[in-house]
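> Would you mind keeping the following structure in view while I ask a few things?
The values are calculated or read from the model by the stated rules, or taken from the named source; none is laboratory data. The structure presented is a predicted model; accordingly, all values stated were derived computationally and were not measured. Neighbour counts are summed over all protein chains in view; Cβ atoms, including those assigned to glycine, are modelled from backbone coordinates with ideal geometry. Quick note on the areas: whole protein, heavy atoms, side chains included, nothing else; ligands and nucleic acids left out. Shrake-Rupley method; radii C 1.70, N 1.55, O 1.52, S 1.80 Å.
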Amino acid sequence: MNTSLNWIKEYVPDLNCTAQEYTDAMTLSGTKVEGYECLAEDLEKIVVGKILSIDKHPDADKLVICQVDIGQSAPIQIVTGAPNVVVNALVPVVLDGGKVACDHDRKRVPGGVKIKKGKLRGVESNGMMCSIDELGSSHDYYPEAPEDGIYLFPENAGVKPGDDAVKALGLDDVTHEYEITSNRVDCYATIGIAREAAATFGKEFKFPVIKETGNNEKASDYIKVTIKDEKLCPRYIARVVKNVKIGPSPTWMQRRLKGVGIRPINNIVDITNYVMEEFGQPMHAYDLSTIEGNEIIVRTAADGEKFTTLDGREHELSSDILMICDGKKPVGVAGIMGGENSMITDSVKTVLFEAACFDGTNIRLSSKKLGMRTDASGKFEKGLDPNTALLAVNRACQLMEELNAGEVVGGMVDVYPQVRTGNEVEFNPERINKLLGTSIDKDTMIKYFEKIELEYDEKKNVIKVPSWRQDVHCMADLAEEVARFYGYDKIPTTIPDGESTIGGFNPRQIVYANAKNAARFNGFSEAMCFSFESPKVFDKLLIPENSELRQAIIISNPLGEDYSIMRTISLNGILSSLALNYAHRNKEVSLFEMANVYLPHELPLKDLPEERMKLTLGTYGSGDFFTLKGSVVDILTEAGVREEARFTATKELPFLHPGRAAVITCGKKDIGFMGEVHPIVLSNYGIKEKVYVAVIDMLNVAELSDYDIKFKGLAKFPAITRDLSLLTRKDVTCGQIEECIKKNGGEYLESIELFDVYEGERIMAGFKSLAYSIAFRAKDKTLEDTIVNERMDKIIKELKNLGAELRQ
């Protein structure tokens, strides 16, 4: 947001400060000024001169000698090569010792270019006549200036020799740039900034006088307005101006527009731009003769509908884009840009002025979808006050009459189904002082509010907030207004008032932290991977086409295809990190990541997805399946899981080796999986070593976690151990055998330890030998062999049903 300081002074006439003082004061009062530009900073000793005579240079064909009246007792002589000098022309002249902003190549020079008197081809020259580029501006803002030559003041400029040329050109101005927060929509207008400046400097704010305009006709006889979606268009006002005369806007208007960086075009366009900058309310003008049926219909577009905007671009529309239409066709994209089919031309006779309010979110999304961001859309997307539209359209019609640009038709067509009013906020000075740590009296606070047009109702004890202050809703907002005008620098430093609390982690966070620490103790380094992934990940991991894992959330505005979905499985990040380390020839790498996966309840997404925390481990190098299994058991133990984890072989995970994968179970809950990565998956990631991974569902782990550990005394009675050497088929797992031993070992079973595994020539092919040490112990007595033998017999009997026999 930019403003002209001269324009601000039109509403705050008594404002008298330097550009730096203005910047500092406005920033301290809450309207942050990013910077400013003094247009006349590098311009010195530049006056209006009148060319009295022109003579040829005796030694140069392209140079002429001019006698120039600069309002002094005698004219000065200037030698120039400008091709457009004429006698009696009024021109800007830099005197001896003065400065211009740019050199002859139109390049701005820091500190300016100093002009000294001297001789050109032997003829004395006592100054220089300037082009508009040398003064630091351009032909865009001064269309009357020639492309090549010096600037000639128009005949109606109202200047005379000796006048300050910088002031005459409107270059004696300062442009300030602001950082306006999105909740201060009123400050996207020059009037809003002026109101803040008046309050900041304690000066009177003068709102522009808007006079009633219009003849005895009725606008409703010229145009009809229908809004089909009141949510997207809460208000639409149409006014008509006939007998329009297209021409240049007056100098004062052109200068104000130039001051905020807008190029003057003609009186109609300049008026709409002027009102937009003054009130922050974008407007649009249509040629009424192009509006078929003399009707405006505000509706959403049809899918696939085509429309050509003023810039000549054709767009394919969708049903969520709001359009301004006549009786048969679209004539504008609401809040963004008008159509080529209704544009204002030099032959226009009757103009339809539109001042409306549109839904900010819809305008932003439509603007992005169409790839069109305009000054109007930038303001509409902030969410404007519908009540400002009336002021803006009346101001535009007033300017049309004042500039003799047309005859305003009386009345207007105003469709405003639900009138927006301001709100009321309870006024509690004590709470405000307590919040700020100040002791400001009530009357002083009320004066601060009055400065910014917040009215105090003594009967209700409330502050009445106008509709254009959309940021004031509660006591804290009132406290902010008090603080910024009292002065943030004056608020004393105080200790926060309140009770001290003991910080800490909740139970789930403790589980997560302990699991991460256990992973580190087992030699894993923490990795942080992207939650955004490519859909190609599913193919790399060999996930079937019909898998639920492919039902991923699609990002609406992705950085690219590689980051276009939210991950549903956490393996890709770890495998990509391992692949990167492998490519850099790191021989042994162990990584872990604690992060969410995002599982939608349904697609398209209607509710927030389920976010499940996963601990993902990945390793290659010296470790193997059993090394990783030991790490998983250690992590679960540190995470507070008291139940023993079971590892059940599986072939259902396509990204893992079918013979070297297991599901991890505790109690009745599956808490994860682990195994060796499938060779094809490794090839997809460019890894030529065996990689082992594990994924643990930390939400399930947290539910199983129990840190209520109770002391158990040392055993008072001896244990009885039995060694069991078994011969079994290779497809029978150790887990199955241990489960059978636990199930039949009885209450005195204390521990099971596998101490030998043998596969070789001494046993039959397809079989393996397993040796276990089994311990029994009673807490209250010494066990007898008969009890232990009875249990061992039962264990051996049940093991035979699994196909396991005692090895002879």
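> If the only charges are +1 at each Lys and Arg Cβ and -1 at each Asp and Glu Cβ, what is the size of the charge dipole of region 213-340 around the Cα centre, to the nearest 20 debye?
Here region 213-340 has a charge dipole of around 500 debye.
> Can you give me the Cα centroid spacing of region 652-681 and region 535-574 in angstrom?
Spelled out, the Cα-based centre of one part sits 20 Å from the other.
> With viscosity set to 0.692 mPa s and temperature to 37 °C, compute the Stokes-Einstein D of region 116-208, Rh being the Kirkwood radius across alpha carbon pairs; µm²/s, no decimals. Write out the running numbers ahead of the final one.
Working: Rh = 17.4 Å.
Estimated diffusion coefficient is 189 µm²/s.
> May I pose another question? Where does the charge balance sit around VAL331 when Lys and Arg score +1, Asp and Glu -1, over other residues with C-beta under 11 Å from its C-beta?
Net of charged neighbours comes to -4.
> Further, regarding this structure: Which of the lysines could a cross-linker bridge to LYS797, judged by Cα under 23 Å and excluding same-chain residues fewer than eight apart?
LYS730, LYS742, LYS743, LYS768
> May I pose another question? Where the only charges are on Cβ atoms (+1 Lys, Arg; -1 Asp, Glu), what is the dipole of region 44-168 about its Cα centre, to the nearest 20 debye?
The dipole magnitude comes to about 440 debye.
> Just to confirm my numbers, what's the Cα centroid distance between region 392-433 and region 599-650 in Å?
61
> Can you give the extra length, in nm with one decimal, that the chain gains between GLU784 and TYR563 once fully stretched, where that is 0.36 nm per residue apart less the Cα-Cα distance?
Values: separation 221, 0.36 × 221 = 79.56 nm, distance 6.71 nm.
Full extension from GLU784 to TYR563 adds 72.9 nm.
> Can I ask one more? Testing the spin-label approximation: label points 7 Å from Cα along Cα→Cβ at ARG420 and CYS474. State their distance in nm.
The answer from the label model is 2.1 nm.
> If you roll a 1.4 Å probe over the heavy atoms of the protein chains, what accessible area per residue do you get for region 219-415, in Å²?
Per residue, region 219-415 has an accessible area of 37 Å².
> Work out the charge dipole of the chain with +1 on the Cβ of Lys and Arg and -1 on the Cβ of Asp and Glu about the Cα centre, then indicate which of ASN801, HIS473, GLY162 is farthest towards its positive end.
Of the listed residues, the answer is ASN801.
> Next question. With all protein chains present, calculate the accessible area of LEU120 using a 1.4 Å probe and round the result to the nearest 10 Å².
For LEU120, solvent-accessible area is about 80 Å².
> Give me the tail of P(r) for the chain as a percent: Cα-Cα pairs with distance above 54 Å.
43
> May I ask which residue of GLY71, HIS104, VAL91 lies farthest towards the positive end of the charge dipole of region 34-149, with charges of +1 (Lys, Arg) and -1 (Asp, Glu) on Cβ and the Cα centre as origin?
GLY71
> At a probe size of 1.4 Å, how large is the accessible area of SER289, to the nearest 10 Å²?
The accessible area comes out at roughly 100 Å².
> Which is farthest toward the positive dipole end of the chain among TYR772, PHE353, PHE207, measuring Cα position about the Cα centre, with Cβ charges +1 (Lys, Arg) and -1 (Asp, Glu)?
My answer, from the dipole projection, is TYR772.
> Something else about it: Which angle between 0 and 90 degrees, to the nearest 10, do you get for helix 571-583 versus the longest principal axis of the chain when only C-alpha atoms count?
Taking the Cα atoms of the chain, the angle to 571-583 is about 90 degrees.
> Give me the angle, in degrees from 0 to 90, between the Cα long axis of helix 442-451 and the longest principal axis of the Cα atoms of the chain, rounded to the nearest 10.
Its long axis makes an angle of about 60 degrees.
> What percentage of the solvent-accessible surface of the chain, computed with a 1.4 Å probe over protein heavy atoms, is contributed by carbon and sulfur atoms?
That fraction is 48 percent.
> Cα atoms only: what Rg and Dmax, in Å, come out for region 202-361?
Computed over the Cα atoms of region 202-361, radius of gyration and Dmax are 16.6, 55 Å.
> Lys and Arg at +1, Asp and Glu at -1: add these up for the other residues within a Cβ distance under 10 Å of ASP477 and post the number.
Combined, the nearby Lys, Arg, Asp and Glu give -2.
> Something else about it: Would you work out the charge dipole size for region 35-110 about its Cα centre, treating the Cβ of every Lys and Arg as +1 and the Cβ of every Asp and Glu as -1, and quote it to the nearest 20 debye? Walk me through the numbers on the way to the answer.
On the way: 8 positive and 11 negative charges, 28 e Å.
With Lys and Arg at +1 and Asp and Glu at -1, about 140 debye.
> Using a 1.4 angstrom probe on the protein heavy atoms only, line up ARG313, ARG469 by accessible area, largest first. Spell out each step's value before the answer.
Working: ARG313 105, ARG469 5 Å².
Most to least solvent-accessible, the answer reads ARG313, ARG469.
> Just flag the trypsin sites (Lys or Arg not before Pro) in region 700-760 sitting in loop per DSSP whose Cβ has no more than 10 other Cβ atoms within 10 Å.
Within region 700-760, the qualifying trypsin sites (Lys or Arg not before Pro) (loop, at most 10 other Cβ atoms within 10 Å) are LYS710, LYS712, LYS730.
> Still on this model: Please report, in cubic angstrom per residue, the volume enclosed by the convex hull of the alpha-carbon atoms of region 300-441.
Working: hull volume 28.4 nm³, N = 142.
Output value, Cα hull per residue: 200 Å³.
> Over region 360-467, what is the mean sequence separation of C-alpha contacts under 8 Å (at least six apart), divided by residue count, expressed as relative contact order in percent?
Working: 74 pairs, mean separation 23.9, N = 108.
Rounded, it is 22 percent for region 360-467.
> Region 250-290 to region 85-131: how many Å between their Cα centroids?
34
> What does the extension gain come out to for ASP59 and ASP105, with contour length at 0.36 nm per residue minus their alpha carbon separation?
14.1 nm
> May I ask which of LYS9/LYS114; LYS218/LYS242; LYS167/LYS203; LYS231/LYS379; LYS45/LYS160 have a Cα-Cα span longer than 21 Å here?
Values: LYS9/LYS114 31 Å; LYS218/LYS242 12 Å; LYS167/LYS203 25 Å; LYS231/LYS379 18 Å; LYS45/LYS160 16 Å.
Violating the 21 Å Cα-Cα cut-off are LYS9/LYS114; LYS167/LYS203.
> Quick one: length gained pulling ASP148 to LYS218 fully straight, 0.36 nm per residue minus the C-alpha distance?
Gain on stretching ASP148 to LYS218: 20.2 nm.
> Rounded to the nearest 10 degrees, what's the angle between the helix 507-521 long axis and the longest principal axis of the chain, both from Cα atoms, 0 to 90?
That helix lies at roughly 70 degrees to the long axis.
> Same structure again: Taking the full set of protein chains and a 1.4 angstrom probe, give the accessible area of HIS657 in square angstrom, rounded to the nearest 10.
40
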